Amino acid sequence: MTWEVVIGLETHAQLTTASKIFSGASTAFGAPPNTQASAVDLALPGTLPVLNRGAVERAIRFGLAVGGAIAARSVFARKNYFYPDLPKGYQISQYEQPVVAGGVIAFMLGDEERRVRLTRAHLEEDAGKSLHEDFHGMTGIDLNRAGTPLLEIVSEPEMRSAAEAVAYAKALHALVRWIGICDGNMQEGSFRCDANVSVRRPGEPLGTRCEIKNLNSFRFLERAIEYEVRRQVELIEDGGKVVQETRLFDPDRGETRSMRSKEDAQDYRYFPDPDLLPLEISPAWIEETKRAMPALPQALRERYAAQHGLAPAMASLLTESREKAAFFDAVVAAGVAARTAANWINGEYAALLNDRGVDFSTPPVDAARFARLLALVSTGAISGKAAKDVFLAMAEGDEDAQAIVTRLGLAQISDSSAIEAAVDQVLAAQGRLVEDYRAGKEKAFNALVGQVMKATQGKANPQEASKILRAKLGSDPN
Amino acid sequence: MIHTWSIARLSRALAGRELSAVEAARAWLDRIDRLNGRLNAFITVDPAKTLSQAREADARIARGEGGALTGVPIAHKDLFCARGWLTTCGSKMLSGFVSPYDAHVIEQFDRAGAVILGKTNMDEFAMGSSNENSFFGAVKNPWDERAVPGGSSGGSAAAVAALLAPGATGTDTGGSIRQPASHTGVCGLRPTYGRVSRYGMVAFASSLDQGGPLARSAEDLALMLAVMAGFDARDSTCVDRPREDYAGALNRGVKGLRIGLPREYFTADLASDVRAPIEAAIAALRGAGAEVVEVSLPNQHLSVPVYYVLAPAEASSNLSRYDGVRYGHRAAEYADLNDMYAKSRAQGFGREVKRRIMIGTYVLSHGYYDAYYLQAQRLRRLIANDFTEAFKRCDLIMGPASPTVAFDLGAHTKDPVQMYLDDLYTIPINLAGLPGMSIPCGFGAGGRPVGLQIVGNYFDEARMLSAAHAFQQVTDWHTKTPPAFGAVSR
């Protein structure tokens, strides 16, 4: 029997403002506890919130990037609950009237383009942190994070597999970084996902969902969903019922476990925050923000397909980040064929960055230098194989490709007289292979090319060598 | 007899070097020292701090840099945060809280060179109409020590009435400046919502709270309001609008002024001993050239129920921060986190505060929100619209500030609803966000004072003050002082 999996994600993206959403305290990560908590963040009596315009501006950017509706008027509401790291006893969030409604995240799932619709995105403040270690029988409270601006992005329950959920999350992660509203640092908690998961028989109404919290890596997201789907299917197939609840993912055990059931769910008593006026966003503010926006990945993918004929999967890889796309554009602008540039950037270059654990924001070989390397390949001055070694050598310092080629003697021989001499020499020495070839064994031809390459210490242009070899063998009176 | 001087008189004397700020501060500190024991108007007095500020004021005056309030001692309701001062809000919860920062209002007085005379008693978290809900004990009415002074700014009102301070600050969420002003025979002004920054003013109900001055004349209120009013970016609901020249506008007079008398304010709810002085005051204003028109505020009877949904709703959330985690009272013993919250709050808050937290929590709860909170918000709009209509026909609205004179201590403590109804004439103004004031206009039963309420249109404080000043030019009610606490000379 088949089951259909239904997944919706709620993502908290920490916004890149220098100060908090309702106070002037710094949002920098990693400061000593409680050194970045102002009177407002500590919720001292009499303190009041003042909205950070930069946080709103980032929400507008997001709304524009996903094609959502940016509310002319949205409302901040209080979500009331008691917790030691929630200083006011309520979180300022948006409830009935969010800043962004709708929108779409488009991404590639393998070779297929998927479009997941968004329900909404709203602004809210983060809570502080409770520290349970190092305090025997007590809990430490660090309010540095309290008041950090978050954009909570809620998708429709339109994903049908853990892989699709991960692809969506990666695309969203790339997008928020692309438009500069979130640094995407998942270790520091700048981008965290909660997954709503349910299963059903195809065609049936939605099943009961569970919300899994604490997913701060793509791998955990995938493993948590896979575990949860298995758990729910087994439960139902054994005659049980899924209970609506919040579950926590335990990465050490690779399983989710119940945190609280719907019955324990708190009544948050949302109501509009009387300390803040409704947020009004004028068409002029939206226009101004739009003008300052970079070209979006979707637009670039379309341009790469139309202008360079790149396959969607290839274009999608190039637009993983704004830096990568800009690097590609610069290499192409320097005269390298788009396909060559794309293959190298997505291949050798991406592999090198991956090994080093960095990205295109700090490229070890800049676009101009990289373009000169690819030019040597396309003119046949070096072989593709040699180019890979040259590239790795370039990444170790500032040396130009040509200098490395010269230093290492990697120049390719394309001069036909030099290759002809080598071919003649090989034909004379390898009578057996020549006979085999004549007897119809095509493999023998490849062996002969190999011998020519060997005779030239690999520097012969292989196409040229084949051409000459073919001509000589073909012109033989036999 | 310095302590009998008005702020205006004191200001002239300080500027003319007739006396020093230190002498002035000593005069009132001495009064407090001798008489506060009878009234319990002050929670905190700190002569060393006050005199040190007074010395600074003297230096400033000597440099020729003084302003109208430089060297004038002002008492502050104990919910204005003042750096280094205990700021208790009349609660056990904050009985040990020393503020590390200044409220905007405190900063403004500091900039003007005014001196903090002390922090005044109040109903706990400004919840009450009698000042009996204070952790620090009830305040007595200087006119009759068996009577309440009104609340919640009862300490400020009693201090001004008994000449323990020339002026004081208060806050008015449902009448907490006007009602005690009325009951103690002083002048009190609640400005338009957004006129005075709420930053550093401990919140009761954010959409209704507004700070304002209490003093003995319209002229003194004008001098204080000029310091308190003004834009502050730290309060998002504060309005960026230049303040008027309140003192300069005082002598505009009332010729041609249209006074609206709401039909609904002169019904059987109004005690006859209050009605008579109010009607006499209107007659005096008419004699000075004002015209009188009848207006109607048909939805005013909804005000008290609407207020007792909205104010507790906001309060229940505003008071969540008092959880015993970062500051304030924490129970000495508890079993776990929830127990710590429960015990700290049960011990730290008084009965009325708990009652309102429970009401507020109830009306915001799932399943009740629409029927109570949302419905109250809709009615709040109707109540405000009544005023908009009325102000098409008049310039100021006048009537009683309170339906009765001050009641006896303990009279309403067993019946909170009866206590709530004492604010039926003041609450509508808060719901509409309008400015309102109370000025003394006579005495009712038992020689207890009666206050005339003057309500203006939005940001029309200058007109209200000039009408009050005109009244005080033709009457002398504002010069009366409680027999037991000495007479005013001007």
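Each value in this text was obtained by applying a stated rule to the coordinates, not by laboratory testing. Computed from a predicted structure; not experimentally measured. Note that each Cβ is placed from the backbone with ideal geometry, even for glycine, and that neighbours are counted across all protein chains shown.
Per residue of peptide B:319-328, the mean number of Cβ atoms on other chains within 10 Å of the residue Cβ is 6.
Which of the listed residues, B:ALA313, A:ILE60, B:ALA288, is farthest toward the dipole's positive end in the protein assembly as shown, when Lys, Arg count +1 and Asp, Glu count -1 at the beta-carbon? Result: B:ALA288, furthest along the dipole toward the positive end. In units of the compact-protein estimate 2.2 N^0.38 Å, chain A shows a Cα radius of gyration of 1.30.
The packing ranking, built from the mean of other Cβ atoms within 10 Å per residue, places the peptides B:315-321, B:125-131 in the order B:125-131, B:315-321, highest first.
Placing a label point 7 Å from the Cα of A:LYS467 along the Cα-to-Cβ direction, the residues of segment A:370-385 whose backbone N falls under 14 Å of that point are A:379-381. With Cα atoms defining each centre, segment B:279-294 and segment B:52-126 are spaced 38 Å apart in the structure. Rounded to the nearest 20 debye, the dipole size of chain A about its Cα centre is 880 debye, using +1 on the Cβ of Lys and Arg and -1 on the Cβ of Asp and Glu.
A cut-off of 5 Å between modelled amide H atoms, ignoring neighbours fewer than 5 places along the same chain, links A:ASP250 with A:GLU255, A:THR256, A:ARG257. Reducing segment B:1-19 and segment A:341-378 to their Cα centroids gives an inter-centroid distance of 81 Å. With the dipole of segment B:340-490 worked out from charges on the C-beta (+1 for Lys and Arg, -1 for Asp and Glu) around the Cα centre, which of B:VAL474, B:LEU374, B:LEU364 lies farthest toward the positive end? It is B:LEU364, whose Cα lies furthest towards the positive end. For the protein assembly as shown, the average shadow cast by the Cα convex hull is 53.6 nm², which is a quarter of the hull's surface.
Considering only A:GLY357, A:VAL104, A:GLN94, and ranking their Cα positions along the charge dipole of the protein assembly as shown that arises from unit charges at the beta-carbon of Lys, Arg, Asp and Glu, the one farthest toward the positive end is A:GLN94.
Note on A:88-96: average number of Cβ atoms from other chains within 10 Å of each residue's Cβ is 2.
Ranked by the mean number of other Cβ atoms within 10 Å of their residues, highest first, the peptides A:2-13, A:28-39 come out as A:2-13, A:28-39. Averaging 1/r over every pair of different alpha carbons in chain B and inverting the result gives a Kirkwood radius of 22.1 Å. Among DSSP beta bridges whose residues both lie in chain A, state the antiparallel percentage, nearest 5. Of those bridges, close to 90 percent are antiparallel. Cα centroid separation, segment A:136-187 to segment A:60-131: 10 Å.
Quick one: if the Förster radius is 41 Å, what FRET efficiency do B:ARG34 and B:LYS255 give, using the C-beta to C-beta distance and rounding to 0.05? Plugging the Cβ-Cβ distance into 1/(1 + (r/R0)^6) gives 0.35.
Computed about its Cα centre, the charge dipole of segment A:295-408 is approximately 320 debye, with only Lys, Arg, Asp and Glu carrying charge at their Cβ. Taking a point 7 Å from the Cα of B:ARG378 along the Cα-to-Cβ direction, the residues of segment B:288-327 with backbone N closer than 15 Å to it are B:306. Of the trypsin sites (Lys or Arg not before Pro) found in segment A:233-268, those that fall in a DSSP loop while having at most 16 other beta-carbon atoms within 10 Å are A:LYS241, A:ARG253.
Looking at segment B:21-113, the GluC sites (Glu not before Pro) that sit in a DSSP loop and have at most 13 other Cβ atoms within 10 Å of their own Cβ are B:GLU65. Would you mind checking A:LYS79/A:LYS324; A:LYS129/A:LYS170; A:LYS129/B:LYS343; A:LYS88/A:LYS170; A:LYS79/B:LYS140; A:LYS88/A:LYS290 for any pair whose Cα atoms are more than 31 angstrom apart? Among A:LYS79/A:LYS324; A:LYS129/A:LYS170; A:LYS129/B:LYS343; A:LYS88/A:LYS170; A:LYS79/B:LYS140; A:LYS88/A:LYS290, the Cα-Cα distance tops 31 Å for A:LYS79/A:LYS324; A:LYS88/A:LYS170; A:LYS79/B:LYS140; A:LYS88/A:LYS290. Each Lys and Arg Cβ is given +1 and each Asp and Glu Cβ -1; about its Cα centre, segment B:345-490 then shows a dipole of about 360 debye. Counted over the protein assembly as shown, the DSSP beta bridges are approximately 85% antiparallel. Checking every one of the trypsin sites (Lys or Arg not before Pro) in segment A:154-230 against DSSP loop status and a limit of 14 other Cβ atoms within 10 Å picks out A:ARG160. Going from the residue with the fewest nearby Cβ atoms within 10 Å to the one with the most, B:VAL455, A:VAL426 rank A:VAL426, B:VAL455. For segment B:214-230, the Karplus equation 6.51 cos²θ - 1.76 cosθ + 1.60, evaluated at θ = phi - 60°, returns couplings of 10, 7, 9, 8, 4, 4, 5, 4, 4, 5, 6, 5, 4, 7, 6, 6, x Hz by residue, with Gly and Pro reported as x.
Note on A:46-57: average number of Cβ atoms from other chains within 10 Å of each residue's Cβ is 4. For chain A, the mean residue ellipticity at 222 nm estimated from helices alone is -12000 deg cm²/dmol, where every DSSP H run of n ≥ 4 contributes -39500 (n - 2.57) and the total is divided by all residues, rounded to the nearest 500. Mean residue ellipticity, 222 nm, helices only, chain B: the sum of -39500 (n - 2.57) across DSSP H runs of n ≥ 4, divided by residue count and rounded to 500, is -11000 deg cm²/dmol.
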